[in-house]
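K.L.:
To start, I am sharing the structure in question, which I have written as structure tokens.
The values are calculated or read from the model by the stated rules, or taken from the named source; none is laboratory data. Because the structure is predicted, anything quoted here is derived from the model rather than measured. Here the Cβ positions follow ideal geometry from the backbone for every residue, glycine too, while neighbour counts run over all protein chains shown.
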Amino acid sequence: MDTRHIQYFMAVYEHLHFTRAAEALGITQPTLSQQIRVLEGELGMPFFDRIGKQVVVTEAGELLRLHGGRMLDAERDAKAAIKELLTGERGTVRLGVLPSDLDFQLVPLFTHFNAEYPDIQLQVFSSIAIQDEVLTQRVDLGIGLESPPDKRFVQIPLGSEHYHLFVRADSELASKTEIKLMELQHLPLVMYPQGFLGRDLVDTLCRAQGFQLTTVMETSSATSLLQLVRAGVGATIQPEGLLRQTTSQTELVAIPIIEHPPVRRLELIYIADRYISRAHQQLIQWLIDFFSKLLNHSNDTSRS
């Protein structure tokens, strides 16, 4: 039983006349009668009694009108929902981002997205395993560190950003205009735990130079890291753009790291063969534009 047969049935139910129902449907009366017989044969019950020139609905016909009407309503609702999804009017967009970006950098963009697409539910998840989140379809889009080409994904480079040393404004280091990577080895640091992408990136560079960082405290929250620096617990090594997104710009100083500076290269990824709605496409473009401006500004600042 498909909805086409239900539509034929509903036309006869409404008109109680096969010829008028056929005209309304734009088909011939014999075709309509044949299709109703097919439906009756499939379900094993007659839906109409032909009494002379009258067409009378049977008890089975009344039941089919009730449930068949719901089927047609459900089909219309599904088509309307899909149409709205295609035009960006409703739906859900799931985005996976790295913890530091979720804490600060992307909030203005999320606010803009909500203003433009108030009926789209934007779900944003913090993760250090962006590729896995995208591959298992727990998120639709992901922003993570650049990875080797993978045919399973569409991978869009977003740019690169240098890491800086963040210290308190009253620290002895605050007056420095730059600091060498090797100078970080004896500093008390507050950092993300090992296993976090940014932390691992910095650790790898330090090991290549023959030393390990000295951490006095570790936390998975970028907000907590900056609070710990303000409290004087230690310095931290983070992307330079992070400071511009906080209210701590007068309390903290970001010092460029020279000689083998840590650099993170970001990319936006999604499954190569998945359907991308208009709202997804718009968010992708906004993310590309957002990071282009953010990272270009960061690189200009580093060069100056």
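K.L.:
Going through the stretch 128-151 one residue at a time, which ones are modelled with pLDDT under 90 and buried (at least 19 other Cβ atoms within 10 Å of the Cβ)?
P.N.:
Selection gives Ile128 alone.
K.L.:
So, of the residues in the stretch 190-223 that are in contact with a Gly (Cβ under 8 Å, 6 or more places away or on another chain) and closer than 25 Å to Ile143 by Cβ, which turns out to be surrounded by the most Cβ atoms within 10 Å (Cβ to Cβ)? Please lay out each step first, then the result.
P.N.:
So the first thing to find is which residues in the stretch 190-223 are in contact with a Gly (Cβ under 8 Å, 6 or more places away or on another chain), and the list is 190, 192, 197, 215-217.
This time we only want the ones that are closer than 25 Å to Ile143 by Cβ, so: 190, 192, 197.
On the way: Val190: 22, Tyr192: 26, Leu197: 18.
The qualifying residue surrounded by the most Cβ atoms within 10 Å (Cβ to Cβ) is Tyr192.
K.L.:
Considering only residues that are under 25 Å from Lys293 (Cα atoms) and of a type in the set (A, V, I, L, M, F, W, C), which ones fall in the stretch 135-162?
P.N.:
Of the stretch 135-162, the ones under 25 Å from Lys293 (Cα atoms) are 139-149, 153-162.
Those that are under 25 Å from Lys293 (Cα atoms) and of a type in the set (A, V, I, L, M, F, W, C): Val139, Leu141, Ile143, Leu145, Phe153, Val154, Ile156, Leu158.
K.L.:
In this structure, is Val134 under 23 Å from the mean Cα position of the chain (by Cα) and outside any helix (DSSP H, G or I)? Before the answer, list the steps.
P.N.:
Numbers: under 23 Å from the mean Cα position of the chain (by Cα): yes; outside any helix (DSSP H, G or I): no.
Here the answer is no, as Val134 does not meet what is asked.
K.L.:
Would a scan of the stretch 192-202 turn up a residue that is β-branched (Val, Ile, Thr), under 21 Å from Ile128 (Cβ atoms) and under 31 Å from the mean Cα position of the chain (by Cα)? Show your work before the answer.
P.N.:
Taking the stretch 192-202 as the starting set, the residues that turn out to be β-branched (Val, Ile, Thr) are 202.
Okay, now just the ones that are also under 21 Å from Ile128 (Cβ atoms), so 202.
Now narrow it down to the ones that are under 31 Å from the mean Cα position of the chain (by Cα): 202.
Yes, the stretch 192-202 has at least one match.
K.L.:
Just for the stretch 152-171: of the residues that are over 30 Å from Val253 (Cβ atoms) and at pLDDT 95 or above, which one is surrounded by the fewest Cβ atoms within 10 Å (Cβ to Cβ)? Before you say what the answer is, go through the steps one by one.
P.N.:
Of the residues in the stretch 152-171, the ones over 30 Å from Val253 (Cβ atoms) are 152-156.
When the remaining residues are screened for being at pLDDT 95 or above, the result is 153-156.
Numbers: Phe153: 19, Val154: 18, Gln155: 18, Ile156: 16.
Filtering the stretch 152-171 for residues that are over 30 Å from Val253 (Cβ atoms) and at pLDDT 95 or above, the one surrounded by the fewest Cβ atoms within 10 Å (Cβ to Cβ) comes out as Ile156.
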